[in-house]
Amino acid sequence: MIIIGSGEAGGCAAVALREAGWAGPITLFGEERHGPYERPPLSKELLTDTEPPRTRTSAEAKRFAELGVILRPNTRVAEISPERKLIRLQSGGSVPYENLLLATGARARLLKVPGSEYALTLRSFEDAWALRHLLGAGGHAIIVGGGFIGLELAASAVKLGGRVTLLESRERLLARAVPSALAERIRLEHARRGVLFHFGTALSRIERRAVILDNGERISGDVVVCGVGAEPETALARKAGLRIDNGIVTDDRLRTSDPSIYACGDCAASIHPQFSDKPMRFESWQVAREQGALAGRNMAGADERQSIVPWFWSEQYDLHLQIAGLPDLGETMVERILTDETQLQFHLDHGGRLVGAAALGKLSDLARDMRVAQMLIARNATPDPAALAATGRRLKTLLAA
Amino acid sequence: MEERWIDACALDDIEEEDVIGFEHGGQAYALYRTLDDRYFCTDGLCTHEKVHLCDGLVMDTIIECPKHNGRFDFTSGKAKGAPACIDLKTYETEIRDGRVFIKAD
Ligand SMILES: Cc1cc2nc3c(=O)[nH]c(=O)nc-3n(C[C@H](O)[C@H](O)[C@H](O)COP(=O)(O)OP(=O)(O)OC[C@H]3O[C@@H](n4cnc5c(N)ncnc54)[C@H](O)[C@@H]3O)c2cc1C
Ligand code: FES
């Protein structure tokens, strides 16, 4: 069994393959010089902690030796040959496989404007290392993109004593993933901390220390960072003739259009039967982990359908955000006011089924209820809206119903 | 050895199948009550990142970390689900006169 990409998903898959009973060789190829490590701290603690940054090894990677998983870092896979069932390495040489897993993740998107190479991006430990130096100098950071990475970077830069100007092409923050009321609260918190926002802006050019807007306005600073989303890493799959549609397309078993090749994590657009019959792609740590484990089990012969409820979190200053399921699919919203600072939204579809939940505020106020919400979503529950809103009643009691 | 036992809380301070936090001598503990009224105690902080477990959800004898859903069996302290892979330290508990005592180090 071969796994391409030794990130979060690849590492989980390797361990799951072994635990599901596969006794043969498992080899994990990764082009980074590190084995699987946690990316979420890269935009958070890793930038702001006073101690020198280290990669935080993923839990699974610590078990590779014990489980006999072979890790090949610094090894880029150049090509897959599905007919001959082998992969070719960039360094030369080829390796045969029985089943193959693509866990190639995503890479930071670049803006298609002149000078975009001047903007830094954040995906890897090395990227974070460079940013830490530049933001740590406490100057003026110009951040392009009001998504999670851009906002977490802004919070980290402010924490380091810097000034931030953030440019967003749309009229609001986090347009893709977060209900507007919560996104607005996040904006207010950043504004209160001194972040300057420009909405509805388009860039015409980027320079080393400045951006030029399409209306000619020039904004100068000390560093330009781009956080305009991630693109699924599909090059190998495309060359191999696999189906691609905003990610490597898989069925509900995470199998691609070639039955011996699976895909999972940020690179995969997979069928979540509970939510849609169209492939969906997520950029979530939890999804990457669970899909990795599922792909591993299925490669070992489990034939299990995907039943993962997506889950995502973000931290900015003292604000904690968690999202479970797909709030977007909801038609009605029920609010549960947990405390003055913490609110939780339940999103129900037209049949009253809970399809998503989103909470913003203090972790200690929201975590339990969000976890219950995730379990209710997993069960296709149709909870009584009044019970969802009733703060006096433990949400957990709904699980017994 | 008697002095190592600390009076942590009243039996009813913890709801059934739930957890509370408790601090003593600068150390955080988490105290659990099961559905069948057994009481357990572990270190108060998750072994992944130092997050207070008392804000997490108890299901049966499992505590789930509030931050990334790392799971531990609080009766043994065993890590049951990544990202947490280091076990939690556990402490003995004893019930006396309607109160929960824990045996600290
Ligand atoms: C800065 C940052 C902050 C984040 N914060 C959060 C957060 O707070 N909450 C959350 O839920 N999610 C967060 N995420 C998202 C989360 O980290 C990802 O969803 C997760 O890492 C995806 O795992 P993956 O294994 O699919 O991909 P990756 O972790 O990207 O791993 C893919 C690996 O494949 C390798 N690879 C690609 N092509 C090849 C090839 N041809 N040959 C060999 N190797 C190859 C890559 O080098 C990479 O190491 C964050 C991501 C980033 C970048
Ligand atoms: S902090 Fe507990 S699982 Fe990460």
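Where a number appears in this text, it was derived from the coordinates with a stated rule and is not lab data. It should be emphasised that the depicted structure is a prediction, and the values quoted were computed from it without experimental measurement. Here the Cβ positions follow ideal geometry from the backbone for every residue, glycine too, while neighbour counts run over all protein chains shown.
The table below lists the values:
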read-out: Within the protein assembly as shown, percent of DSSP bridges classed antiparallel, to nearest 5; value: 75 percent
read-out: Exercise: per-residue mean of other protein chain Cβ atoms within 10 Å, B:55-67; value: 4
read-out: Among the listed pairs A:K278/B:K67; A:K85/A:K112; A:K85/A:K278; A:K44/B:K103, those beyond 32 Å (Cα-Cα); value: A:K85/A:K112; A:K44/B:K103
read-out: Set of aspartates and glutamates near A:K362 by C-alpha distance (under 14 Å), chain-local residues within fewer than 8 positions excluded; value: A:E189, A:E315, A:D318, A:D340, A:E341, B:D55
read-out: Inter-probe distance in nm under a simple model that places probes 7 Å from Cα toward Cβ, at B:L11 and A:L329; value: 4.5 nm
read-out: Length gained when the stretch A:K112-A:R76 is fully extended (0.36 nm per residue, less Cα-Cα span); value: 10.4 nm
read-out: Highest-first arrangement of A:174-181, A:83-90, where packing means the average Cβ count within 10 Å; value: A:174-181, A:83-90
read-out: Order of B:W5, A:W311 under a 10 Å beta carbon neighbour criterion, fewest first; value: B:W5, A:W311
read-out: Theoretical ellipticity at 222 nm over chain A - DSSP helices of four or more residues, -39500 (n - 2.57) apiece, nearest 500; value: -7500 deg cm²/dmol
read-out: Inter-site label distance for B:H24 and A:L399 at 7 Å from Cα along Cβ, in nm; value: 2.8 nm
read-out: Packing rank of A:2-14, A:294-306, A:353-365, where each peptide gets the mean count of other beta carbons within 10 Å, highest leading; value: A:2-14, A:353-365, A:294-306
read-out: Neighbour-count order for B:F72, A:F199, fewest beta carbons within 10 angstrom listed first; value: A:F199, B:F72
read-out: Among A:A359, A:T332, A:L388 - extreme Cα towards positive end, dipole of the range A:262-401, charges at beta-carbon; value: A:L388
read-out: Mean Cβ neighbour count within 10 Å, used as a protection proxy, ranking A:97-104, A:50-57, A:209-216, B:54-61 highest first; value: A:97-104, B:54-61, A:209-216, A:50-57
